[in-house]
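Trainee: Handing you this structure, nothing more for now.
The values are calculated or read from the model by the stated rules, or taken from the named source; none is laboratory data. What you see is a predicted model, and the numbers here were worked out from it, not measured in a lab. Ideal geometry is used to build each Cβ from the backbone, glycine not excepted, and the neighbour counts take in all protein chains shown. Quick note on the areas: whole protein, heavy atoms, side chains included, nothing else; ligands and nucleic acids left out. Shrake-Rupley method; radii C 1.70, N 1.55, O 1.52, S 1.80 Å.
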Amino acid sequence: MGEVFGNLGMAASHKANARVSQANARVARAQGEADRAKAYGQAARLELENKVAGEQAAENMSRLRKIQRQAGAAVQAARAASGFTTEGSGSQAEVSVLARFEQEAQDMVTSRSNQDVSARFGATMLRRSGELAMMGAEASAVYSEDQARVHKMYAHNAQKGALVTAALSAAGGLIGGSAGAQVGAGLASVYSAGLPGTLESQGGRNEQAEKDLAAVIAKGVDSWLK
């Protein structure tokens, strides 16, 4: 009966391992979803910040253009008050002022463009990292689910091994007494050894039962020959 209880114990262990693997799969998926949600949230915040920065840049550009117009008008007024014509040093002063503002405006446009490109790229990379995290989590979950299925199969086989051992031993005992029980146990041990997950398949075979089976068969053959 040792093999019966041994296989029942193996079945219980495999069932426990299956539950652990299933839990690991759930945890992996939950972690992947959390990582993806976090990455998507960071991407959304980055895009929002970029949008606000764009609006601020537009306001700054509008103020700069206003100041540029005011500065140009001031230069023109000063030139008119001085009696200079539209040519010469007065004109050069106006051109110089306008050129300075244009350069500042171009610098603002370039800076904002670089900021926008960087923000969009960063948001894309964040979402991609979230998807990669989810892919890794899903792969881990699938592996754990496969392990759970294997353990469930092992548990089923161990239960089957215990049932077969008990049935054959009992049947053998009813038919042939102790010798029949030995034959039944030996046959069950051989059968169970071929089932992955059973005690016998993992090195716990009932070698004594198999030896007894061989001895009983040999004795039966000798009696028949006589």
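Trainee: What's the total number of residues in the stretch 105-140 that are touching a helix residue (DSSP H, G or I) at 6+ places or on another chain (Cβ under 6 Å), within 19 Å of Ala44 (Cα to Cα) and small (Gly, Ala, Ser)?
Mentor: 6
Trainee: Please verify whether the stretch 30-43 includes one or more residues that are closer than 18 Å to Tyr143 by Cβ and among the aliphatic types (A, V, I, L, M). If you could, list the steps in order and put the result at the bottom.
Mentor: Taking the stretch 30-43 first, the residues closer than 18 Å to Tyr143 by Cβ are 30-33, 35.
Of the ones still in play, those that are also among the aliphatic types (A, V, I, L, M) are 30.
Scanning the stretch 30-43 turns up at least one residue that is closer than 18 Å to Tyr143 by Cβ and among the aliphatic types (A, V, I, L, M).
Trainee: Any chance you could count how many residues in the stretch 3-15 are farther than 28 Å from Ser140 by Cβ and open to solvent by 50 Å² or more (accessible area, probe 1.4 Å)? Give the steps one after another, and end with the answer.
Mentor: Kept after step one, since they are farther than 28 Å from Ser140 by Cβ, are these residues of the stretch 3-15: 3-9.
Now drop any that are not open to solvent by 50 Å² or more (accessible area, probe 1.4 Å), which leaves 5, 8.
Summing the residues that are farther than 28 Å from Ser140 by Cβ and open to solvent by 50 Å² or more (accessible area, probe 1.4 Å) in the stretch 3-15 gives 2.
For every residue, the table says whether it meets (1) of a type in the set (S, T, N, Q); (2) crowded, with 18+ Cβ neighbours inside 10 Å; (3) under 18 Å from Gln56 (Cα atoms); (4) at pLDDT 90 or above.
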position	(1), (2), (3), (4)
Glu102	no, no, no, no
Ala105	no, no, yes, no
Arg128	no, no, no, yes
Tyr143	no, no, no, yes
Lys152	no, yes, no, no
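Trainee: Could you pull out the residue among Ala43, Ala53, Ala18, Ala34 that is touching a residue at least 60 places away in the same chain (Cβ under 8 Å), part of a helix (DSSP H, G or I) and surrounded by fewer than 19 Cβ atoms within 10 Å (Cβ to Cβ)?
Mentor: Working: Ala43 fails: surrounded by fewer than 19 Cβ atoms within 10 Å (Cβ to Cβ); Ala18 fails: surrounded by fewer than 19 Cβ atoms within 10 Å (Cβ to Cβ); Ala34 fails: touching a residue at least 60 places away in the same chain (Cβ under 8 Å).
Being touching a residue at least 60 places away in the same chain (Cβ under 8 Å), part of a helix (DSSP H, G or I) and surrounded by fewer than 19 Cβ atoms within 10 Å (Cβ to Cβ) holds for just one of Ala43, Ala53, Ala18, Ala34, which is Ala53.
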